[in-house]
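Quick notes on the structure that follows.
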Amino acid sequence: MVRQDKVNYYLDLADVVSKRGTCLRRRYGAVIVKNDEVISTGYVGAPRGRKNCCDLGTCIRQQLNIPRGERYELCRSVHAEANAIISASRDKMLGADLYLSGREVSTGDYICNSNSCSMCKRMIINAGIEKVYVRDTATQYRVIEVKDWIEKDESLSGVKGY
(Lines give C-alpha, C1' and ligand atoms only; values in the text may rest on other atoms or scores of the structure.)
Protein backbone atom coordinates (compact mmCIF):
# COMPACT_ATOMS: atom_id res chain seq x y z
CA MET A 1 0.00 0.00 0.00
CA VAL A 2 1.30 3.44 -0.94
CA ARG A 3 0.03 6.16 1.34
CA GLN A 4 -0.92 9.41 -0.31
CA ASP A 5 1.00 12.52 0.72
CA LYS A 6 -0.87 15.13 2.76
CA VAL A 7 -0.76 17.88 0.13
CA ASN A 8 -2.52 15.71 -2.45
CA TYR A 9 -4.92 14.51 0.24
CA TYR A 10 -6.01 18.10 0.92
CA LEU A 11 -6.07 18.89 -2.80
CA ASP A 12 -8.34 15.85 -3.29
CA LEU A 13 -10.64 17.29 -0.61
CA ALA A 14 -10.66 20.60 -2.51
CA ASP A 15 -11.52 18.70 -5.69
CA VAL A 16 -14.46 17.00 -3.95
CA VAL A 17 -15.63 20.36 -2.56
CA SER A 18 -15.53 21.80 -6.10
CA LYS A 19 -18.28 19.36 -7.13
CA ARG A 20 -20.77 21.57 -5.26
CA GLY A 21 -19.85 24.48 -7.54
CA THR A 22 -22.52 26.06 -9.71
CA CYS A 23 -20.39 27.74 -12.39
CA LEU A 24 -21.03 26.61 -15.95
CA ARG A 25 -17.40 27.21 -16.98
CA ARG A 26 -15.13 26.10 -14.15
CA ARG A 27 -15.39 24.22 -10.86
CA TYR A 28 -13.07 25.32 -8.07
CA GLY A 29 -12.86 24.08 -4.52
CA ALA A 30 -10.81 25.52 -1.68
CA VAL A 31 -9.85 24.01 1.66
CA ILE A 32 -8.18 25.97 4.46
CA VAL A 33 -6.03 23.83 6.77
CA LYS A 34 -4.10 24.68 9.91
CA ASN A 35 -2.14 22.23 12.05
CA ASP A 36 -3.54 19.33 10.03
CA GLU A 37 -7.11 20.36 10.76
CA VAL A 38 -9.59 21.49 8.11
CA ILE A 39 -10.75 24.95 9.14
CA SER A 40 -13.07 25.75 6.25
CA THR A 41 -14.09 24.85 2.71
CA GLY A 42 -15.51 26.85 -0.17
CA TYR A 43 -16.69 26.39 -3.73
CA VAL A 44 -17.81 28.67 -6.55
CA GLY A 45 -21.43 29.78 -6.30
CA ALA A 46 -23.77 32.76 -6.33
CA PRO A 47 -24.31 34.64 -3.05
CA ARG A 48 -26.83 32.98 -0.75
CA GLY A 49 -30.39 33.53 -1.94
CA ARG A 50 -29.42 34.48 -5.50
CA LYS A 51 -29.87 32.19 -8.46
CA ASN A 52 -26.79 30.27 -9.59
CA CYS A 53 -25.66 30.19 -13.21
CA CYS A 54 -26.49 26.47 -13.36
CA ASP A 55 -30.07 27.36 -12.30
CA LEU A 56 -30.31 30.12 -14.89
CA GLY A 57 -28.68 27.97 -17.56
CA THR A 58 -26.46 30.80 -18.68
CA CYS A 59 -23.14 32.47 -17.88
CA ILE A 60 -22.72 36.14 -18.77
CA ARG A 61 -18.94 35.81 -19.05
CA GLN A 62 -19.41 32.89 -21.44
CA GLN A 63 -22.03 34.80 -23.45
CA LEU A 64 -19.65 37.74 -23.81
CA ASN A 65 -16.74 35.42 -24.64
CA ILE A 66 -14.61 36.86 -21.83
CA PRO A 67 -11.26 35.06 -21.50
CA ARG A 68 -10.08 33.36 -18.31
CA GLY A 69 -8.64 35.85 -15.83
CA GLU A 70 -10.57 38.89 -17.03
CA ARG A 71 -13.66 40.86 -15.94
CA TYR A 72 -14.49 38.88 -12.80
CA GLU A 73 -16.76 41.70 -11.67
CA LEU A 74 -19.32 40.47 -14.23
CA CYS A 75 -19.46 37.01 -12.68
CA ARG A 76 -22.50 36.11 -10.53
CA SER A 77 -20.44 33.86 -8.29
CA VAL A 78 -18.32 34.19 -5.19
CA HIS A 79 -15.00 32.42 -5.72
CA ALA A 80 -14.05 29.28 -3.79
CA GLU A 81 -11.23 31.01 -1.90
CA ALA A 82 -13.53 33.85 -0.84
CA ASN A 83 -16.24 31.45 0.32
CA ALA A 84 -13.72 29.47 2.37
CA ILE A 85 -12.40 32.67 3.97
CA ILE A 86 -15.90 33.96 4.71
CA SER A 87 -16.67 30.72 6.56
CA ALA A 88 -13.68 30.87 8.92
CA SER A 89 -12.56 33.16 11.70
CA ARG A 90 -9.32 35.05 11.11
CA ASP A 91 -7.64 33.76 14.26
CA LYS A 92 -7.95 30.23 12.88
CA MET A 93 -6.64 31.25 9.46
CA LEU A 94 -3.47 32.98 10.72
CA GLY A 95 -0.58 30.82 9.50
CA ALA A 96 -2.91 28.40 7.70
CA ASP A 97 -2.58 26.95 4.21
CA LEU A 98 -5.17 27.10 1.43
CA TYR A 99 -5.55 24.22 -1.04
CA LEU A 100 -7.12 25.04 -4.41
CA SER A 101 -8.27 22.66 -7.13
CA GLY A 102 -10.04 23.61 -10.34
CA ARG A 103 -11.51 21.75 -13.31
CA GLU A 104 -13.02 22.73 -16.64
CA VAL A 105 -16.73 21.91 -16.58
CA SER A 106 -16.79 21.02 -20.29
CA THR A 107 -13.99 18.42 -20.13
CA GLY A 108 -13.45 17.61 -16.45
CA ASP A 109 -9.74 18.36 -16.93
CA TYR A 110 -7.72 20.04 -14.20
CA ILE A 111 -7.06 23.71 -14.88
CA CYS A 112 -3.30 23.85 -15.25
CA ASN A 113 -1.43 27.00 -14.16
CA SER A 114 -4.47 28.51 -12.49
CA ASN A 115 -4.08 31.07 -9.75
CA SER A 116 -6.25 33.11 -7.46
CA CYS A 117 -7.63 36.30 -8.99
CA SER A 118 -6.37 39.64 -7.67
CA MET A 119 -9.42 40.09 -5.41
CA CYS A 120 -8.99 36.64 -3.86
CA LYS A 121 -5.26 37.26 -3.43
CA ARG A 122 -6.05 40.35 -1.37
CA MET A 123 -8.48 38.37 0.80
CA ILE A 124 -5.95 35.55 1.27
CA ILE A 125 -3.32 38.09 2.33
CA ASN A 126 -5.66 39.77 4.81
CA ALA A 127 -6.84 36.42 6.20
CA GLY A 128 -3.27 35.69 7.30
CA ILE A 129 -2.92 32.56 5.18
CA GLU A 130 0.75 31.69 4.58
CA LYS A 131 0.78 29.27 1.64
CA VAL A 132 -1.49 28.39 -1.26
CA TYR A 133 -1.22 24.98 -2.90
CA VAL A 134 -2.66 24.94 -6.43
CA ARG A 135 -3.32 21.66 -8.22
CA ASP A 136 -2.18 21.35 -11.85
CA THR A 137 -2.73 17.60 -12.42
CA ALA A 138 -3.95 14.66 -10.36
CA THR A 139 -0.61 14.58 -8.51
CA GLN A 140 1.26 17.77 -9.42
CA TYR A 141 0.81 21.11 -7.71
CA ARG A 142 2.50 24.43 -7.09
CA VAL A 143 3.21 26.02 -3.74
CA ILE A 144 2.81 29.79 -3.52
CA GLU A 145 4.18 31.73 -0.59
CA VAL A 146 1.62 34.44 0.14
CA LYS A 147 4.44 36.79 1.19
CA ASP A 148 5.48 36.76 -2.49
CA TRP A 149 2.10 38.28 -3.41
CA ILE A 150 2.78 41.00 -0.84
CA GLU A 151 6.33 41.70 -2.01
CA LYS A 152 5.49 41.50 -5.74
CA ASP A 153 2.41 43.70 -5.57
CA GLU A 154 0.72 43.23 -8.95
CA SER A 155 -1.56 46.18 -8.28
CA LEU A 156 1.47 48.44 -8.70
CA SER A 157 2.42 47.23 -12.18
CA GLY A 158 2.31 50.14 -14.53
CA VAL A 159 2.22 52.66 -11.66
CA LYS A 160 4.99 55.24 -12.04
CA GLY A 161 7.35 55.73 -9.15
CA TYR A 162 7.26 52.14 -7.95
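Kirkwood hydrodynamic radius for segment 22-73: how many Å is it when counted over pairs of different Cα atoms?
Working: mean 1/r = 0.0775 Å⁻¹.
In segment 22-73 this quantity evaluates to 12.9 Å.
When the Kirkwood hydrodynamic radius is evaluated over all pairs of different C-alpha atoms of segment 46-104, what value in angstrom, to one decimal, is obtained?
Values: mean 1/r = 0.0734 Å⁻¹.
When all Cα pairs of segment 46-104 are included, the Kirkwood radius is 13.6 Å.
So what J values fall out for segment 46-60 if you push phi through Karplus, 6.51 cos²θ - 1.76 cosθ + 1.60 with θ = phi - 60°, rounded to Hz, Gly and Pro as x?
Once rounded to whole Hz, the list reads 5, x, 3, x, 8, 6, 7, 4, 5, 6, 7, x, 8, 10, 5.
Gain in length, GLU104 to ILE60, computed as 0.36 nm per residue apart minus the alpha-carbon separation, to one decimal in nm?
Details: separation 44, 0.36 × 44 = 15.84 nm, distance 1.67 nm.
Computed gain between GLU104 and ILE60 is 14.2 nm.
So, counting K/R as plus one and D/E as minus one, what does the shell of residues with Cβ under 10 Å around ALA46 add up to?
Working: positive: ARG48, ARG50, LYS51, ARG76; negative: ASP55.
Net of charged neighbours comes to +3.
Keeping all protein chains in place, calculate the accessible area per residue for the chain (probe 1.4 angstrom), answer in Å². The partial results should precede the final answer.
Values: 9540 Å² over 162 residues.
Heavy-atom SASA per residue in the chain reads 59 Å².
Give the Debye-formula value of log10 I(q)/I(0) at each listed q (0.12, 0.16 Å⁻¹), with one equal scatterer per alpha carbon of the chain, two decimals each.
Cα-only, vacuum Debye calculation for the chain: -0.52, -0.91.
Please state the relative contact order of the chain as a whole percent: Cα pairs under 8 Å, 6+ residues apart?
On the way: 307 pairs, mean separation 36.0, N = 162.
Relative contact order here is 22 percent.
Using modelled backbone amide H atoms (1.01 Å from N, in-plane), which distant-in-sequence or interchain residues come within less than 5 Å of GLY21's amide H?
VAL44
Compute the normalised compactness of segment 1-43: alpha-carbon radius of gyration over 2.2 N^0.38 Å, N being the residue count.
Numbers: Rg = 11.7 Å, N = 43, 2.2 N^0.38 = 9.2 Å.
After normalising by residue count via 2.2 N^0.38 Å, the value is 1.27.
Give the carbon-plus-sulfur fraction of the accessible surface of the chain in %, rounded to a whole number; probe 1.4 Å, heavy atoms of protein chains only.
Details: 4610 of 9540 Å².
Solvent-exposed carbon and sulfur of the chain make up 48 percent of the total.
How long is segment 66-143 along each principal axis, judged by its Cα atoms, biggest number first, in Å?
Dimensions of segment 66-143 along the principal axes of its Cα atoms: 38, 32, 17 Å.
Filter the cross-link list LYS19/LYS92; LYS6/LYS34; LYS51/LYS92; LYS19/LYS147; LYS121/LYS152; LYS19/LYS51 down to pairs whose alpha-carbon distance in this structure exceeds 19 Å. Display every interim value, and only then the final one.
Working: LYS19/LYS92 25 Å; LYS6/LYS34 12 Å; LYS51/LYS92 31 Å; LYS19/LYS147 30 Å; LYS121/LYS152 12 Å; LYS19/LYS51 17 Å.
Among LYS19/LYS92; LYS6/LYS34; LYS51/LYS92; LYS19/LYS147; LYS121/LYS152; LYS19/LYS51, the Cα-Cα distance tops 19 Å for LYS19/LYS92; LYS51/LYS92; LYS19/LYS147.
Let's see if you can work this out: charge +1 on each Lys and Arg Cβ, -1 on each Asp and Glu Cβ, no other charges. What is the dipole magnitude of the chain about its Cα centre, in debye to the nearest 20?
560 debye
With a point put 7 Å past each Cα toward its Cβ, work out how far VAL38 is from ARG71 in nm, to one decimal.
3.6 nm
The values are calculated or read from the model by the stated rules, or taken from the named source; none is laboratory data. Because the structure is a prediction, the values reported are computed rather than measured. Methodologically, a virtual Cβ is constructed for each residue, glycine included, from the backbone with ideal geometry; neighbour enumeration extends over all protein chains shown. All accessible areas refer to the heavy atoms of the entire protein, side chains included, with ligands and DNA or RNA removed. Shrake-Rupley method; radii C 1.70, N 1.55, O 1.52, S 1.80 Å.
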